[in-house]
Amino acid sequence: MAPETVLPFYVACDESLSMAEHEQAVAGIVASFAGSLRRAAGSGPARVRLGLIGFSDSAQVLRPLGPLGVFELPSAPRRGTSITSFRTAFKFLLDTIEADVGQLLAGAVAVRRPVVLFVSDGQPTDPATWPTAHAALTDPARPTHPHLLTVGVGDADAATLQRIATPSPPPACRTAGVIDAFTCSPRCSLLVRRPSSKQRSSSDPSGVQPSAQR
């Protein structure tokens, strides 16, 4: 019997002080994203996992990676400091994804390449250091390197978000309002549905598979 195939999704939300005025917009983005995933997953929502991470000067798991059907937004956002450390977010994502995928593989499942939705309203306060952490997170040599989608709210710097987003799937979006025009559902459906052997490519395989040599 073939192992269950799991696709991990994460939402990484900027929680710096400047995000206070965008709380409703961010909640809408996360809810819309989760809803799009549910629609894309069709009859197999248990195969999709969704987690929520918050970051400012530090980062933490707000909702651990779990079944999409039981995902809920926190009742109140955690508010950080005036610091917006993208480096901290990327390092935390790398460690969290590695740990989560390790646990999934230990449970005899096949894991697709993770996807991260990165949400922020401004420029990082660590412009000199975040690119190195981003490069480590997205290094193709790491089997668990994620797709990065970016959504900006408020006065987010579009050029920075475009640098963060990986080439495929969709490019960075500048404002919260574009989440609906972002056609997330059909795009994500291409990721949620396990590709046939004819659809797989060497540049984007079906994901991290359990290995008998591990």
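When Ser36, Ser82, Ser18 are sorted by how many other C-beta atoms sit within 10 angstrom of their C-beta, beginning with the fewest, the order is Ser82, Ser18, Ser36. For segment 21-28, putting each phi into the Karplus relation 6.51 cos²θ - 1.76 cosθ + 1.60 with θ = phi - 60° gives couplings of 6, 10, 4, 5, 5, 5, 4, x Hz, in residue order, rounded to whole numbers and with x for Gly and Pro. Take 105-114, 53-62 and order them by the average number of nearby Cβ atoms within 10 Å per residue, most first; the result is 53-62, 105-114.
Between Glu98 and Glu21, the contour length at 0.36 nm per residue exceeds the Cα-Cα span by 24.4 nm.
Every number here is computed from the coordinates shown, using simple stated rules; none is lab data. The shown structure was predicted, so the numbers you read here are calculated from the model rather than taken from an experiment. Reconstructed Cβ throughout: ideal geometry from the backbone, glycine too, with neighbour counts over all protein chains shown.
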